[in-house]
1. Pull up the stretch B:23-60, narrow it to residues that are in contact (Cβ under 8 Å) with a residue 60 or more places away in the chain and among the aliphatic types (A, V, I, L, M), then point me to the one that is least open to solvent (accessible area, probe 1.4 Å).
2. Tell me which residues, restricted to the stretch A:65-79, are polar (S, T, N, Q) and in contact (Cβ under 8 Å) with a residue 24 or more places away in the chain.
3. Among the residues of the stretch A:25-47, which ones are β-branched (Val, Ile, Thr) and closer than 22 Å to B:Gln37 by Cα?
4. Check A:Lys52, A:Lys99 and return the single one that is buried (at least 21 other Cβ atoms within 10 Å of the Cβ) and over 13 Å from the mean Cα position of the chain (by Cα).
5. Given (1) more than 18 Å from A:Thr101 (Cβ to Cβ); (2) among the hydroxyl-bearing types (Ser, Thr, Tyr); (3) outside any loop (DSSP other than H, G, I, E, B), identify the lone condition not met by A:Ser41.
6. Only one of (1) surrounded by 19 or more Cβ atoms within 10 Å (Cβ to Cβ); (2) away from every other protein chain (no Cβ under 14 Å); (3) of a type in the set (Ser, Thr, Tyr) is not met by B:Thr20, so which one is it?
7. If A:Tyr32 satisfies every condition in (1) within 14 Å of chain B (Cβ to nearest Cβ); (2) of a type outside the set (Val, Ile, Thr); (3) out of contact with any His (no Cβ under 6 Å at 6 or more places or on another chain) but one, which is the exception?
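The values are calculated or read from the model by the stated rules, or taken from the named source; none is laboratory data. Being a predicted model, the structure only gives us computed values, none of them experimental. Neighbour counts are summed over all protein chains in view; Cβ atoms, including those assigned to glycine, are modelled from backbone coordinates with ideal geometry. What goes into the accessible areas is simple: the full protein's heavy atoms, side chains included, and nothing from ligands, DNA or RNA. Shrake-Rupley method; radii C 1.70, N 1.55, O 1.52, S 1.80 Å.
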Amino acid sequence: DAKTTQPPSMDCAEGRAANLPCNHSTISGNEYVYWYRQIHSQGPQYIIHGLKNNETNEMASLIITEDRKSSTLILPHATLRDTAVYYCIVVAGGTSYGKLTFGQGTILTVHP
Amino acid sequence: DSGVTQTPKHLITATGQRVTLRCSPRSGDLSVYWYQQSLDQGLQFLIQYYNGEERAKGNILERFSAQQFPDLHSELNLSSLELGDSALYFCASSVVPSGDSRNEQFFGPGTRLTVL
């Protein structure tokens, strides 16, 4: 699976949009970009995923660049409960197993 | 609540001992994954099962083993425990076994293992 690079930490004011970048310059054509987050020591939580088109769900939006070498997770109106470690993970598609390879992630701190 | 349950929540044991961690996947999910989270190694994939069969192995020690039963619950067995095995152990489940477009994994609350 392709390696990802994320900033170690970011801050965001409550109510503002949080934009979390991820670099995955070696991504292959059949690899998906997944985002998970982990609040304190709880189990990681799935947020969103995409292949090449931008995606939106009730939690967030995912913007993938045209060359697919980077992506941005957007939390449109961050709340204090969004403070967590956010992981950007590239997962091979097709018939491969779907294990998740977690990096260090980005610690997002939302402050009042 | 992800729908994945893990027992026990906490486990304290001594070096050299053996423990069993249990996981019940979400209803309908056939694939189960085990992950270990320690302070120095982060979240690491250990092993995956799909419908009772081992599907993939990660950085799982030979002292560790797992299985998935016909009712789809899974157990992770850790033996000859060492201090360094102290960690959070998470189980996750998914509908499909592969890196498909629907491979979102649902994680349980974890079992915190402390080896003294």
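1. B:Val32
2. Of everything in the stretch A:65-79, those that are polar (S, T, N, Q) and in contact (Cβ under 8 Å) with a residue 24 or more places away in the chain turn out to be A:Ser70, A:Ser71, A:Thr72, A:Thr79.
3. So in the stretch A:25-47, the residues β-branched (Val, Ile, Thr) come out as A:26-27, A:33, A:39, A:47.
Answer for the stretch A:25-47, where residues must be β-branched (Val, Ile, Thr) and closer than 22 Å to B:Gln37 by Cα: A:Val33, A:Ile39, A:Ile47.
4. Details: A:Lys52 fails: buried (at least 21 other Cβ atoms within 10 Å of the Cβ).
One residue alone meets the criteria, A:Lys99.
5. (3)
6. Failed condition: (1).
7. Evaluating A:Tyr32 over (1) within 14 Å of chain B (Cβ to nearest Cβ); (2) of a type outside the set (Val, Ile, Thr); (3) out of contact with any His (no Cβ under 6 Å at 6 or more places or on another chain) leaves (3) as the failure.
Results for (1) assigned to a loop (DSSP other than H, G, I, E, B); (2) touching a residue at least 60 places away in the same chain (Cβ under 8 Å), shown as yes or no for each residue.
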| site | (1), (2) |
| --- | --- |
| A:Ile27 | yes, yes |
| A:Ile47 | no, no |
| A:Ile63 | no, no |
| A:Arg81 | no, no |
| A:Tyr86 | no, yes |
| A:Leu108 | no, yes |
